[in-house]
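S.K.: Attaching a single structure in structure tokens format; questions to follow.
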Amino acid sequence: MKENNKFQKSFELYKQAQQLFPYGTQLFSRRPELGPFGQAPIYFGKAKDGHFWDVDGNEFIDTALAFGPISLGYCYDVVDNAVKKQIDKGILGSINNPLEIEMANVIKQMIPCGEMVKFCKGGGEADAVAVRIARGFTGKDIVLFCGYHGWQDWYLAANLTSESNLNQHLRPGISAKGVPTQLAGTCIPFEYNNIDNLKQMLEQNKNKVACIIMEPTRFKKPEKGYLENVRQLADEHKCVLIFDEVVTGFRLAPGGAQEYFGVVPDLATYAKAIANGYALSVVAGKREIMSSQEDNFISSTYWSDTTTLAAGIATLNEIRTKPVIATIDRIGHHLITGLEELGRKHQVNIKISGHGCDFAVSFDYGNDAGKILTLYMQEMIARGIYVSGVVYTCFTHTDKDIDIVLAAADETFEIIKKAIDGNNVDIMLKCPVRQVGFKRLV
């Protein structure tokens with residue numbers, strides 16, 4: 001591996017981190033091995049709007065945006081000022097704070113199923129809470145799932161019965177080490193856009209299914225009538241329907257995918273964009289189900305800290321009163337259209353899937369697809385554009401930003417085309433081929 005000297009401080013810090021943290025980072029997606037390792041920054045020093053500066057002082061237009069939480073832009077004044085103001089008033093108390101009620105009312109106004117809410121800190125945590133509530137409400141154990149839903153035992157238990165169950169929902173090679181073997185058979189996958197497969201899973205586990213939890217959309221879009229049919233099946237089998245809107249919430253529409261597609265679940269989970277990077281997540285759901293759990297112990301000291309609630313209120317008020325969703329979507333489609341046009345111009349087989357607010361970039365070259373994506377990332381980063389395999393846009397990304405991104409992609413695609421035609425992709429790579437990241441069935 002060649003280490004680019006412009007990232008020297010990042011490399012020095014990462015060597016320390018490898019001695020301090022399992023696999024070197026706190027978030028799997030931030031592992032440098034998932035990108036062009038040695039040719040990309042690993043640590044940032046500061047960030048503003050749609051840009052960041054690494055610890056070596058290099059500036060980048062960021063198209064990863066912390067992998068989803070930054071909806072408005074880094075260091076967005078309205079949100080940060082609300083947090084700073086609240087810090088002076090107190091971040092936690094021995095009694096409750098009115099911000100809890102204010103935030104809950106905002107959720108109730110925005111989310112179709114949001115009659116009652118529970119605050120948490122992360123998306124996976126919110127999913128675990130939702131599943132616990134569903135199991136408690138129905139008195140059943142089995143969970144049918146489609147998509148990525150975190151790291152907790154209830155979810156990774158899927159791989160206790162088959163090591164391949166999470167291959168298309170999370171990534172291949174996920175170990176269920178540490179998950180109690182007694183959970184085997186309690187978490188079962190189903191295929192997206194295959195209503196017959198879901199019917200089959202429900203029939204095979206008749207009267208045992210507590211809930212259906214799914215990402216309503218991500219990089220694939222639901223076929224006509226699919227989500228409506230899922231809703232109907234959940235009703236017929238008397239199980240709770242949960243939409244995992246950790247990513248789609250407050251990006252696809254102000255009320256998330258359930259508003260966008262017009263299909264209302266029983267419960268829904270939100271995180272990522274809800275507080276513009278502050279650690280807040282929410283379980284929102286129908287009163288009958290949520291209120292049934294008053295004797296189910298689900299509690300944490302930090303779930304209602306006032307700083308994150310202030311950030312959430314400020315963020316959602318911006319989304320409600322300004323053209324945030326429309327801008328994110330327009331900027332995203334500007335980028336999608338430009339990349340597809342450049343693919344045709346240079347005869348590079350780029351594949352884009354998803355929505356304007358959140359889409360995946362890959363290259364259709366069979367076994368060499370990983371090499372081509374690594375080369376793409378290497379060359380874009382060399383031109384000051386931070387990229388991963390997934391693209392997010394934010395409210396403070398500008399058209400000028402996207403024009404700069406596309407200019408860099410123009411040069412990068414020319415390099416890719418020459419490398420492919422000359423059969424020298426390996427020679428052009430200055431780093432190992434990136435490791436496999438998340439694989440999405442949804």
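None of the figures in this text is laboratory data; all of them are computed from the coordinates on show. Not measured: the values here are computed from a predicted model. For neighbour counting, all protein chains shown are included, and Cβ atoms are generated from backbone atoms with ideal geometry for every residue, glycine included.
S.K.: Over what distance in Å are the Cα centres of region 14-37 and region 144-188 separated?
M.R.: After rounding, the separation between the Cα centres reads 23 Å.
S.K.: Helix 369-382 against the longest principal axis of the chain: what's the angle in degrees, Cα atoms only, rounded to the nearest 10?
M.R.: 70
S.K.: Straight-line reach only, C-alpha to C-alpha below 19 angstrom: list the lysines that residue 199 could link to, leaving out same-chain residues fewer than 8 apart.
M.R.: 140, 208, 224, 238
S.K.: Now for a separate question. Add -39500 (n - 2.57) for each DSSP H run of 4 or more in the chain, then divide by its residues: what number comes out at 222 nm, to the nearest 500 deg cm²/dmol? Before the final figure, lay out the partial values.
M.R.: On the way: 15 runs with 172 residues, N = 442.
Calculated from helices alone, the mean residue ellipticity at 222 nm is -12000 deg cm²/dmol.
S.K.: Take the residue pairs 15/272; 46/221; 220/371 and return only those whose Cα atoms are more than 26 Å apart. Don't skip to the end; give the middle numbers.
M.R.: Numbers: 15/272 29 Å; 46/221 35 Å; 220/371 24 Å.
The answer is 15/272; 46/221.
S.K.: Determine, for 154, 53, the number of other Cβ atoms within 10 Å of each Cβ, and report the residues in order from fewest to most.
M.R.: Ascending Cβ contact count within 10 Å gives the list 53, 154.
S.K.: So what's the Cα pair-distance distribution over the chain, bin width 10 Å, in %?
M.R.: Here the calculated profile for the chain is 4, 20, 30, 27, 15, 4, 0.
S.K.: Expressed as an acute angle from 0 to 90° and rounded to the nearest 10, what is the orientation of the C-alpha long axis of helix 77-87 relative to the principal long axis of the chain?
M.R.: For 77-87 against the chain, the angle is about 50 degrees.
S.K.: Anything over 26 Å Cα to Cα? Flag those among 177/351; 48/418; 85/118, in the order listed.
M.R.: Result: 177/351; 48/418 exceed 26 Å.
S.K.: Mind telling me which of 300, 94, 29 comes out most flexible in a GNM of the chain, alpha-carbon contacts under 10 Å?
M.R.: 94
S.K.: Compute the acute angle (0 to 90°) between the alpha-carbon long axis of helix 123-138 and the principal axis of greatest extent of the alpha-carbon atoms of the chain; round to the nearest 10°.
M.R.: That works out to roughly 20 degrees.
S.K.: What shape does region 237-326 take by its C-alpha gyration tensor, where a ≥ b ≥ c are the square roots of the eigenvalues and a/c under 1.5 counts as rounded, a/b above b/c as prolate, and the rest as oblate? Don't skip to the answer; put the middle values down first.
M.R.: Values: a/c = 2.51, a/b = 1.18, b/c = 2.13.
Cα axes put region 237-326 in the oblate bin.
S.K.: Okay, next question. What is the distance in Å between the Cα centres of region 317-391 and region 214-253?
M.R.: Answer, in whole Å: 25.
S.K.: What is the order of 299, 362, 292, fewest Cβ neighbours within 10 Å to most? Don't skip to the answer; put the middle values down first.
M.R.: Values: 299 7, 362 18, 292 13.
Result, fewest neighbours first: 299, 292, 362.
S.K.: Computed from the mean reciprocal separation of all distinct C-alpha pairs, what Kirkwood hydrodynamic radius does region 77-321 have, in Å? Walk me through the numbers on the way to the answer.
M.R.: Numbers: mean 1/r = 0.0544 Å⁻¹.
Over region 77-321, the inverse of the mean reciprocal pair distance is 18.4 Å.
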